[in-house]
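The values are calculated or read from the model by the stated rules, or taken from the named source; none is laboratory data. Keep in mind that what you see is a predicted model, and the values were worked out from it rather than measured. Positions of Cβ are generated from backbone atoms using ideal geometry, with glycine treated the same way; all protein chains shown enter the neighbour counts.
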């Protein structure tokens, strides 16, 4: 079980370190071209995914904090109930947990989530995101993969 919590901790540390670097070295809203179709652009998200409720006036911060705390507790509970052979599911849950806590830290300390990774194609820009968001997305993909393709487990 410890190794899965270690994965979550690594995600949290890398996420917070990269957000710190973005906050201290990038100018807000000013893209820094890294590669074609990839910028580093410091942005703050007061909402949820795709800035959902980002302009709601401040109450959404505490809604998302509450959701993050409840989801994180549920993920810890789920992780503890897994069997040793459920490694792919455990990895997915650990990545989601690390990402959720990484963004929770931002909401608690800053009142917003720091985003800085910007992908685009021509004039289409994907909403900016961060390491925590990436971990959540990869973790969700692993959960879907596990659900669709994993061998049946003993009940």
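Which condition does residue 105 not pass, out of (1) part of a helix (DSSP H, G or I); (2) more than 22 Å from residue 13 (Cβ to Cβ); (3) touching a residue at least 60 places away in the same chain (Cβ under 8 Å), if it passes all the others?
Failing condition for residue 105: (2).
Exactly one of these conditions fails for residue 151: (1) more than 30 Å from residue 39 (Cα to Cα); (2) free of Cβ contacts under 8 Å to residues at least 12 places away in the same chain; (3) in a helix (DSSP H, G or I). Give me its number.
Among (1) more than 30 Å from residue 39 (Cα to Cα); (2) free of Cβ contacts under 8 Å to residues at least 12 places away in the same chain; (3) in a helix (DSSP H, G or I), residue 151 violates only (3).
Residue check: is residue 133 within 11 Å of the chain's Cα centre (by Cα), on the phi < 0 side of the Ramachandran plot and assigned to a strand (DSSP E or B)?
Numbers: within 11 Å of the chain's Cα centre (by Cα): yes; on the phi < 0 side of the Ramachandran plot: yes; assigned to a strand (DSSP E or B): no.
Answer is no for this residue.
Looking at region 34-59, I want the residues that are at positive phi and at pLDDT below 60 and have a partner that is surrounded by 11 or more Cβ atoms within 10 Å (Cβ to Cβ) and part of a loop (DSSP other than H, G, I, E, B) with Cβ atoms under 9 Å, at least 6 apart or on another chain. Which pairs are those?
Pairs found: 50/127; 51/127; 53/46; 53/47; 58/46; 58/111.
Please work out if residue 127 is assigned to a loop (DSSP other than H, G, I, E, B) and within 19 Å of residue 27 (Cα to Cα). Quick ask: steps written out before the conclusion?
Numbers: assigned to a loop (DSSP other than H, G, I, E, B): yes; within 19 Å of residue 27 (Cα to Cα): yes.
In short, yes.
Which of (1) within 21 Å of residue 30 (Cβ to Cβ); (2) in a loop (DSSP other than H, G, I, E, B) is the odd one out, the single condition residue 119 does not satisfy?
Of the numbered conditions (1) within 21 Å of residue 30 (Cβ to Cβ); (2) in a loop (DSSP other than H, G, I, E, B), the odd one out for residue 119 is (2).
Sort through 119, 79 and tell me the only one that's closer than 12 Å to residue 5 by Cα and at pLDDT 95 or above. It would help to see each step written out before you state the result.
On the way: 119 fails: closer than 12 Å to residue 5 by Cα.
79 is the lone residue from the list that is closer than 12 Å to residue 5 by Cα and at pLDDT 95 or above.
Given the criteria modelled with pLDDT of 95 or more, surrounded by 13 or more Cβ atoms within 10 Å (Cβ to Cβ) and closer than 20 Å to residue 1 by Cα, does residue 100 qualify?
Working: modelled with pLDDT of 95 or more: yes; surrounded by 13 or more Cβ atoms within 10 Å (Cβ to Cβ): yes; closer than 20 Å to residue 1 by Cα: yes.
Considered against the rule, which asks whether it is modelled with pLDDT of 95 or more, surrounded by 13 or more Cβ atoms within 10 Å (Cβ to Cβ) and closer than 20 Å to residue 1 by Cα, residue 100 comes out as yes.
Would you mind telling me which numbered condition in (1) within 23 Å of residue 45 (Cα to Cα); (2) modelled with pLDDT of 95 or more residue 111 fails?
The single condition residue 111 does not satisfy is (2).
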